[in-house]
Amino acid sequence: MPDNRTAILFGAFDRHNFGDLLLAHIAAHGLTGRPLHYCGLAERDLSACGGHKVQALARVAERLGGTPVDIVHVGGEILTCSAWEAAVMLLPASQAPAVVARLDADPAGRAAWAQARLGLPDLAPYLLPGGLFANAAKVSYRAVGGIDLDRLEPAMRGEVVAKLKAAARVGVRDRQTHAMLESAGIHCGLEPDPAVMVAELFAPRIRQHARHGEPAGVIAAFPRGYLAVQCSADFGDDDTLAALARQLEQLARAQDLGIVLFRAGAAPWHDDLDVYRRLAARMPRTRVAIFASLNLWDICALLAHGRGFAGSSLHGGIVATALALPHVGLLRPGQSLASSKQAAFGATWGTAGAPAAVPVDALASGMAQAMATEPARREALARTLVQAGRASLAAGQ
């Protein structure tokens, strides 16, 4: 890419999600010195959470007119994010339940509402809408995911395939997505999720956040260490929470550690504080804290100073990998390994000897296995992924 050409960083960092906010920072690092616009589907200011002041893509396109631009899709599971999902996740959390209750069983109504809300006809809106920019010199996709691509309705799948075929470069982060795209006639490269670079690029910032505020308080409150734990609202039914509490209490006793619950996403359909309060109440014999901060770098600091991570967040596990920490992913109730982003990533890039993802009732044994892995093995995996991440950043410049 020419060093002086404007670059549009486009992704789902227009709402609070730990991974998406982090990906924007790493993508910008790979384009140092170039004019940048951080764009999503809506205008949002996530700077208070460590993110960016995000501009609406359509408005930036109008403003730039015929200026030549490069469009960089910064990553994430964007290939299978529908207009309905995108529009709901961009709502204030207080409004989303009523909208979902009204439209969830009405496919036509959902589609019409989402199109009106986003101002776009696209079925897969986090892939560059056609014709939006008058002079898109180069369109690229960095380490995107789409493990459920073959489960999409034909119209949306066709749109995704057509958009990717029109791109100059497509990089995907797992072999499962890679195989599906290759079978659809899309030549794509395999590259690790950019978050594998977090320790390499941002260690000083993470250390700084660990010395202040809530991260410092949590570190001081758990002198014997803690396990950083996260789960999405999907885990909120009583039976699942009871099983999860039993597993965490078993782990806490066996490993002599506390439990710190944190949110990896506060947008609708992500993590829910009420679920954490109910989970904590089920563990009266265990030291438990609920980490309230939603700041991206506070979360990184929390992970960096814990004894490990367990959760349903893919990027929680990837950041733990980058920090050479033991971790295990959590499958949602009823979820199979074949539909797990964590399992797909682990199968592609390797693990340090523990399962990439387990059901709730296997959490204690899976996390114990992860904590028994040799630090040298975890460190070697982190170095290997950093090397692959460097190569991907260089190729995308």
Checklist entry - Within segment 240-251, is there a residue that is closer than 27 Å to PHE13 by Cβ and open to solvent by 60 Å² or more (accessible area, probe 1.4 Å)? => result no
Checklist entry - Do we find that ALA301 is modelled with pLDDT under 95 and in a helix (DSSP H, G or I) in this structure? => result no
Checklist outcome for this item: Scanning segment 85-118 for residues that are under 19 Å from LYS163 (Cα atoms) and in contact with a helix residue (DSSP H, G or I) (Cβ under 6 Å, 6 or more places away or on another chain) gives LEU118
Checklist entry - Is one or more of the residues making up segment 351-361 out of contact with any Pro (no Cβ under 9 Å at 6 or more places or on another chain), over 24 Å from ASP234 (Cα atoms) and not aliphatic (A, V, I, L, M)? => result yes
Next on the checklist: Restricting to segment 223-239, count the residues that are open to solvent by 20 Å² or more (accessible area, probe 1.4 Å) and closer than 23 Å to ALA372 by Cβ.
Outcome noted: 2
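What is the residue count in segment 74-105 for residues that are of a type in the set (Asp, Glu), modelled with pLDDT of 95 or more and part of a loop (DSSP other than H, G, I, E, B)?
Selection size over segment 74-105: 1.
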Checklist outcome for this item: Counting only residues in segment 167-177 that are in contact (Cβ under 8 Å) with a residue 40 or more places away in the chain and buried (at least 18 other Cβ atoms within 10 Å of the Cβ), the one farthest from LEU314 (Cα to Cα) is identified as GLY171
Checklist entry - Any residue at all in segment 275-297 that is within 20 Å of ILE26 (Cβ to Cβ), at pLDDT 95 or above, hydrophobic (A, V, I, L, M, F, W, C) and open to solvent by 30 Å² or more (accessible area, probe 1.4 Å)? => result yes
Checklist entry - Does LEU244 count as touching a helix residue (DSSP H, G or I) at 6+ places or on another chain (Cβ under 8 Å), more than 17 Å from PRO326 (Cβ to Cβ) and in a strand (DSSP E or B)? => result no
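On the basis of being closer than 19 Å to PRO192 by Cα, touching a residue at least 24 places away in the same chain (Cβ under 8 Å) and buried (at least 22 other Cβ atoms within 10 Å of the Cβ), does THR384 make the cut?
Against the criterion (closer than 19 Å to PRO192 by Cα, touching a residue at least 24 places away in the same chain (Cβ under 8 Å) and buried (at least 22 other Cβ atoms within 10 Å of the Cβ)), THR384 does not qualify.
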Item to check | Whichever residue in segment 27-55 is of a type in the set (A, V, I, L, M) and in contact (Cβ under 8 Å) with a residue 40 or more places away in the chain and, among such residues, is surrounded by the most Cβ atoms within 10 Å (Cβ to Cβ) | outcome: LEU41
Checklist entry - What about ALA114, is it among the hydrophobic types (A, V, I, L, M, F, W, C), part of a helix (DSSP H, G or I) and surrounded by fewer than 20 Cβ atoms within 10 Å (Cβ to Cβ)? => result no
Checklist entry - Hey, any hits in segment 196-206 for a residue that's among the small types (Gly, Ala, Ser), crowded, with 23+ Cβ neighbours inside 10 Å, at pLDDT 95 or above and over 30 Å from LEU120 (Cα atoms)? => result no
Item to check | Enumeration of residues in segment 220-233 that are assigned to a helix (DSSP H, G or I) and over 23 Å from VAL275 (Cα atoms) | outcome: ALA220
Checklist entry - What are the pairs, 6+ residues apart or on separate chains, where a residue within segment 105-116 that is under 11 Å from ALA87 (Cβ atoms) has its Cβ under 6 Å from a residue that is surrounded by 11 or more Cβ atoms within 10 Å (Cβ to Cβ)? => result ARG110/TRP84; ARG110/LEU103; TRP113/LEU103; ALA114/ALA83; ALA114/TRP84; ALA114/ALA87; GLN115/PRO121
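The values are calculated or read from the model by the stated rules, or taken from the named source; none is laboratory data. These numbers were taken from a predicted model, which means no experiment stands behind them. Note that we place each Cβ from the backbone using ideal geometry, even for glycine, and neighbour counts take in every protein chain shown. When the accessible area is computed, the model is the full protein with side chains, heavy atoms only, and any ligands, DNA or RNA have been set aside. Shrake-Rupley method; radii C 1.70, N 1.55, O 1.52, S 1.80 Å.
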